[in-house]
Each structure stands twice: as structure tokens, then as C-alpha cells.
Amino acid sequence: MTGAVHLDGIDRARADRSAQLLGALAAASEQGPLEIAEAYDEARSRLTLTVAGSLPGVLRLLNSKTQGGERLIDERAGTSLVVDVDNVGSEKAVAINDHLLNAAKNHPPGDPPLEVRTEHDARHARLRVRVDGSLFATSYLLFLVNLHLTQSRT
């Protein structure tokens, strides 16, 4: 899975501290290896973090909290998450797609726009899911995908 998070209105010093902290958390991940890359756009005061690894690992990292219980990344941060899942037959791909689209319909109207796209490659039994929106919404939808993969019988 690969995720990109855009943090706007952040100065360079805070961007460096955030990236360093998330890098340390990625290195200590118990859900397998995580790769993290950062890019800072000085003109836009924007930090872009790109994280790659297992679905549970990336979701856990992006939703990390400080020892005081504060989120490291604001749940309203613009996020684009893409996951490629192998060994997904047509029946399971349809079930995941339907579940995601139904969940996205309940998206609160005041939240940033939410976009969901799925592509199933039946020949290779691979499903690609891409969600764009707030960190909260995109993480929730990919949590549903993970739930299908670990709990569902379809």
C-alpha cells in the first residue's frame, strides 16, 4: 500500500520534526517494514509524506498519536491512499467495491470531498483501491478493505 498525506500551513522546522518523528515510528513498526519519504514545498508551506508498506502498518502510522493522545497528523489533512491487493476474486472485489461506495455515501457533507475508485484485474486476481479525501475518511475506508480481507468469507 502507498499513501500520500499533504500537510498545509506548516513551517520548515515543524515539517522536519514531524517527518523525523514519523520516520522513527516507521522504523519501529511491528506490521512489517515501512518506507517513508518527505518533500517540503517552501512556497506553499506544504509537507508531503509518502508512506509505503503493509495496509495495517501504513494506517497505524498515519493515525499515530503522541503520548499525550494528540494526533501526529490532523485527521482533516488531504490524503491520497492507494492499496493493491493480490488474490482477490471477482466476488470479493464486488463486495469490497459495494461496501466502499455505500460507506462513502454516508460521508458528512461538510467534510472535504471524498473520492473512491476501484479497479479489479480478474486475470491476475488483483484489486486496486484508491481513496482521496481527509485522512479520517480515507483511513476509515481502507480499514473497511482490511476488514474484508481479514474477516470476510467472500
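The values are calculated or read from the model by the stated rules, or taken from the named source; none is laboratory data. Owing to the predicted nature of the structure, the values given are computational and were not obtained by experimental measurement. Glycine gets a Cβ as well: all are built from the backbone with ideal geometry, and neighbour counts include every protein chain shown. Just the protein is used for accessible areas: all its heavy atoms, side chains included, with ligands, DNA and RNA removed. Shrake-Rupley method; radii C 1.70, N 1.55, O 1.52, S 1.80 Å.
Structure notes:
- Residues that are surrounded by 15 or more Cβ atoms within 10 Å (Cβ to Cβ) and not in a strand (DSSP E or B), drawn from the range 121-142: Ala125, Leu135, Phe136, Ala137, Thr138, Ser139, Tyr140, Leu141, Leu142
- Boolean, Ala122 is out of contact with any Cys (no Cβ under 7 Å at 6 or more places or on another chain) and closer than 24 Å to Leu61 by Cα: no
- Residue check: Tyr40 meets all listed conditions (1) more than 21 Å from Gln67 (Cα to Cα); (2) loosely packed, with under 15 Cβ neighbours inside 10 Å but one, namely (2).
Quick grid of which residues meet (1) part of a strand (DSSP E or B); (2) over 13 Å from the mean Cα position of the chain (by Cα); (3) modelled with pLDDT of 90 or more; (4) over 21 Å from Ala137 (Cβ atoms):
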residue: Leu7; (1), (2), (3), (4): yes, yes, no, no
residue: Ala15; (1), (2), (3), (4): no, yes, yes, yes
residue: Gly32; (1), (2), (3), (4): no, yes, no, yes
residue: Val58; (1), (2), (3), (4): no, no, yes, no
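Results for (1) in contact with a Leu (Cβ under 8 Å, 6 or more places away or on another chain); (2) in a strand (DSSP E or B), shown as yes or no for each residue.
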position	(1), (2)
Val51	yes, yes
Ile73	yes, no
Thr79	yes, yes
Val82	no, yes
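- Complete set of residues in the range 84-101 that are out of contact with any Leu (no Cβ under 6 Å at 6 or more places or on another chain) and in a helix (DSSP H, G or I): Ser90, Glu91, Lys92, Val94, Ala95, Ile96, Asn97, Asp98, Leu101
- Checking each residue in the range 65-95 for being open to solvent by 70 Å² or more (accessible area, probe 1.4 Å) and among the hydrophobic types (A, V, I, L, M, F, W, C) picks out only Val94.
- Condition check for Pro108: out of contact with any strand residue (DSSP E or B) (no Cβ under 6 Å at 6 or more places or on another chain) and not in a helix (DSSP H, G or I): yes
- Selected residue (only one of Ala43, Ala26 is closer than 25 Å to Leu141 by Cβ and either aliphatic (A, V, I, L, M) or assigned to a strand (DSSP E or B) (or both)): Ala26
- Within the range 99-114, the set of residues being open to solvent by 90 Å² or more (accessible area, probe 1.4 Å) and of a type outside the set (Lys, Arg) comprises Asn106, Pro109, Pro113.
- Within the range 101-137, being among the polar types (S, T, N, Q) and touching a residue at least 60 places away in the same chain (Cβ under 8 Å) holds for no residue.
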